[in-house]
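**Q** Here's a structure for you.
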Amino acid sequence: MRLVARGAHCKRSERKISFNSTGSPGKNGLNGRNGTNGTNGTNGATGFTTTLPKGQSEMGTWGALSTGSTAGYSAISFTIPLAAAPAVTVTEATSEGPKPPCAGTVARPTAEAGHLCIYIDTRHFGGSVGVLDPVTGEAGAETFGTLVSVFFAPMDGTWAVTA
């Protein structure tokens, strides 16, 4: 490709092209139309839901730093809100292994239906952990998430919630 000034002529082996032009329309598809409705949605639905479907789970990470007597906070926000506020369990790995309703691990967090399980990475455990409903300030969670509070140590981990 050779770029030339306006008005210059092409050599015998070259063709002039313009980048600011519109070509002729392409041919129609095999069925004679330019396109059809997709089949991913049901009756035109996009698949988006206003609440997490029953039995489906979301998961993520959390981490907070506390120094001295000052609490550290980490927000857990559900990507898709729940229809009802979940019960909350804070758990750490023990020699007995995970227990329901939080039978997962930090590496593979799980939660039974209707539960939010917050897993503590025990490598950093040494303080205390609390869970606060961000609306009421009481212990618990809302349909859209919760706040994890830590005292006296930096802590992190994972979480899972199931509708």
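**Q** With each pseudo-label sitting 7 Å past Cα toward Cβ, what's the THR50-ASP133 distance in nm, one decimal?
**A** 2.2
**Q** Measuring from label point to label point, each 7 Å out along Cα→Cβ, what is the ALA83 to LEU65 span in nm?
**A** Each label point lies 7 Å from its Cα, and together they span 4.2 nm.
**Q** Hey, fewest Cβ within 10 Å first, where do LEU132, LEU116 land in order?
**A** LEU132, LEU116
**Q** Under 26 Å between alpha carbons, and skipping anything fewer than 8 positions from LYS54 in its own chain: which lysines qualify?
**A** LYS99
**Q** Would you mind ranking SER69, SER74, SER57 so that the residue whose beta carbon has the fewest other beta carbons within 10 Å leads the list?
**A** Details: SER69 7, SER74 20, SER57 17.
In increasing order of surrounding Cβ atoms, one gets SER69, SER57, SER74.
**Q** Sort VAL88, VAL150 by Cβ crowding within 10 Å, fewest neighbours at the top.
**A** Working: VAL88 22, VAL150 25.
Fewest-to-most ranking of VAL88, VAL150: VAL88, VAL150.
**Q** Tell me whether the range 57-162 comes out rounded, prolate or oblate; compute the Cα gyration tensor, take square roots of the eigenvalues as a ≥ b ≥ c, and use a/c under 1.5 as the rounded threshold.
**A** The shape class here is oblate.
**Q** If Lys and Arg each add +1 and Asp and Glu each add -1, what is the summed charge of the other residues whose beta carbon sits under 15 Å from the beta carbon of ILE17?
**A** Around ILE17, the charge tally is +4.
Each value in this text was obtained by applying a stated rule to the coordinates, not by laboratory testing. Bear in mind that the values here come from a model prediction, so they are computed numbers and not experimental data. Methodologically, a virtual Cβ is constructed for each residue, glycine included, from the backbone with ideal geometry; neighbour enumeration extends over all protein chains shown.
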